[in-house]
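The values are calculated or read from the model by the stated rules, or taken from the named source; none is laboratory data. Here the structure is a predicted model, which means the values were calculated and not measured. Positions of Cβ are backbone-derived with ideal geometry, glycine not excepted, and every protein chain shown enters the neighbour counts.
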Amino acid sequence: MEAAGAGGLKDHVRSNWSNAVLVCRKCSKKLDGGFGPNGDERLAKALRRRLKLKKGRKAAAGIVEVNCLGICPKGAVTVVNGADSREWLLVRPGADLDDLARDLDLASPAD
C-alpha cells in the first residue's frame, strides 16, 4: 500500500489511540466546569488529566470535544465512546472520573 496519494499528499495518518471518546463542547460550556479536583475544569480536560493522556494523535486514547451532539441534558455533559457508540453517557458534574474511565473502557493511570 502506498503512503502517498496523487501529488505526494498522504491519504491516511496513524494515531496511537486505542479508543476515541467524543465529549459535547456545548454541554461542557453550559456547565462552565464542574470536573477535576477543584471542580473548575471542563470534562474533557479533567478526564485527560486524570488518565495522564497527552493531546493529539500520539496519546494512548483520544478525548475530543466535538460540536453539539443534539441531546442537551440539563446539568450534564453528553459523552460517546467511539468503540461503543450505541450507548451515550450523560455525565453530571462531580462524577467519579475513574468510574467514567472504566465505563468508557479507558485505562486508568494505575493500570
- Message: Anything in region 32-44 that is modelled with pLDDT of 95 or more and either farther than 11 Å from Gly94 by Cα or of a type in the set (Lys, Arg) (or both)? List them, or say none.
- Response: Arg42, Ala44
- Within region 54-98, of all residues that are more than 14 Å from the chain's Cα centre (by Cα) and among the acidic types (Asp, Glu), the one nearest to Phe35 (Cα to Cα) is Asp96
- Item | Search result, residues across region 88-111 that are part of a loop (DSSP other than H, G, I, E, B), acidic (Asp, Glu) and at pLDDT 95 or above | Asp96
- Matching residues in region 1-27 - criterion: being buried (at least 18 other Cβ atoms within 10 Å of the Cβ) and modelled with pLDDT under 95: Trp17
- Within region 28-45, considering residues that are not in a loop (DSSP other than H, G, I, E, B) and not aromatic (Phe, Trp, Tyr), the one surrounded by the most Cβ atoms within 10 Å (Cβ to Cβ): Leu43
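Looking at the structure I just gave you, is Arg48 surrounded by 20 or more Cβ atoms within 10 Å (Cβ to Cβ) and of a type outside the set (A, V, I, L, M, F, W, C)?
Working: surrounded by 20 or more Cβ atoms within 10 Å (Cβ to Cβ): yes; of a type outside the set (A, V, I, L, M, F, W, C): yes.
Taking the combined requirement at face value, the residue satisfies it.
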- Item | Count of residues meeting criterion [of a type in the set (S, T, N, Q) and either on the phi > 0 side of the Ramachandran plot or assigned to a strand (DSSP E or B) (or both)] in region 65-86 | 2
- For residues in region 56-71 being out of contact with any helix residue (DSSP H, G or I) (no Cβ under 7 Å at 6 or more places or on another chain) and not small (Gly, Ala, Ser), which is farthest from Leu106 (Cα to Cα)? Ile71
